[in-house]
Amino acid sequence: MTPVDLFRFCPRCAAARPPDNAGHTPFRCGGCGFHFYFNPTVAAAAFVSDPGGRVLFIRRAKDPAGGKLGVPGGFVDFGESAEDGLRREVREEVGLELDRLRFLVSFPNLYPYREVTYPVVDLYFTAVAVDPSAARPLDAVLGLEWRRPDEIPDDEVAFPSLRVALRALAGEPRP
């Protein structure tokens with residue numbers, strides 16, 4: 001189920017959603033004319049490098065994709081830039097500060113959580129760890145692995161958007 005499917009009644013006047021608008025965005029109320037747009041949420045993640053050219057991968061502790069490899073990052077909060085949200089998420093997940101943050105690529109993703117599948121736009125960046133030795137598994141991180149991106153088997157990758165970002169990191173064309 002997606003967020004748009006959860007709106008069966010108008011949040012302004014409580015009128016039932018018109019049957020011809022079910023599952024569509026924007027939500028259009030037939031009673032009061034209210035329109036509500038369901039846009040994707042934004043997540044930011046980074047390929048954080050050490051001086052040897054290895055990248056920090058995290059082993060996800062929870063679903064979705066528990067046990068699979070990801071890179072540190074997470075959802076951008078209201079009022080944050082993608083870069084500020086990314087820096088906060090990296091501190092929360094692995095305790096690192098970032099330097100030389102650069103945008104790499106974006107790609108859509110679906111994030112299932114508690115019976116709702118959220119549409120997400122994943123923004124991937126590259127960065128350098130200020131002090132790579134400070135990395136530690138914190139919030140929702142099972143373990144850390146410093147690896148070369150070309151060593152990561154496809155079946156260990158947590159999300160399709162991360163596969164796209166790995167290809168972009170290697171200089172390959174986007175699918």
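Each value in this text was obtained by applying a stated rule to the coordinates, not by laboratory testing. Small disclaimer: the values here were computed from a predicted structure and weren't measured. Cβ coordinates were reconstructed from backbone atoms using ideal geometry, including for glycine residues, and neighbour counts include every protein chain displayed.
Observations, loosely collected:
- Largest first, the three principal axis extents of the alpha carbons in the chain are 62, 31, 28 Å in whole numbers.
- Within the chain: Cβ-based charge dipole about Cα centre, in debye rounded to nearest 20 (Lys, Arg +1; Asp, Glu -1): 420
- Residues Glu97, Glu83, arranged from fewest to most other Cβ atoms within 10 angstrom of their Cβ, appear as Glu97, Glu83.
- Taking Lys and Arg as +1 and Asp and Glu as -1, the other residues whose beta-carbon sits under 15 Å from that of Ser49 total -2.
- This ranking places Phe78, Phe159, Phe7 by how few other beta-carbon atoms lie within 10 Å of each, fewest first, which gives Phe78, Phe7, Phe159.
- C-alpha center-to-center spacing [segment 25-90, segment 115-140] in angstrom: 8
- Contact order for segment 2-52, expressed relative to its length and based on alpha carbon pairs under 8 Å spaced 6+ residues apart, stands at 26 percent.
- In this simple spin-label approximation, Arg163 and Ala134 carry label points 7 Å from Cα along the Cα→Cβ vector, and these lie 3.5 nm apart.
- Leading residue at positive end of dipole, segment 1-78 (Cβ point charges), from Ser49, Pro3, Gly66: Gly66
- Using a Förster distance of 45 Å, the FRET efficiency for Asp99-Tyr37 (Cβ separation, nearest 0.05): 0.80
- As a calculated quantity, the FRET efficiency between Asp154 and His24 at R0 = 30 Å, using C-beta atoms, amounts to about 0.30.
- On Cα atoms only, tilt of 82-94 relative to the major axis of the chain in degrees: 60
- Mean sequence separation of contacting Cα pairs (under 8 Å, at least six apart), scaled by the length of segment 44-150, corresponds to a relative contact order of 37 percent.
- Fluctuation leader among Pro40, Pro108, Pro11 - the chain, Gaussian network, Cα springs under 10 angstrom: Pro11
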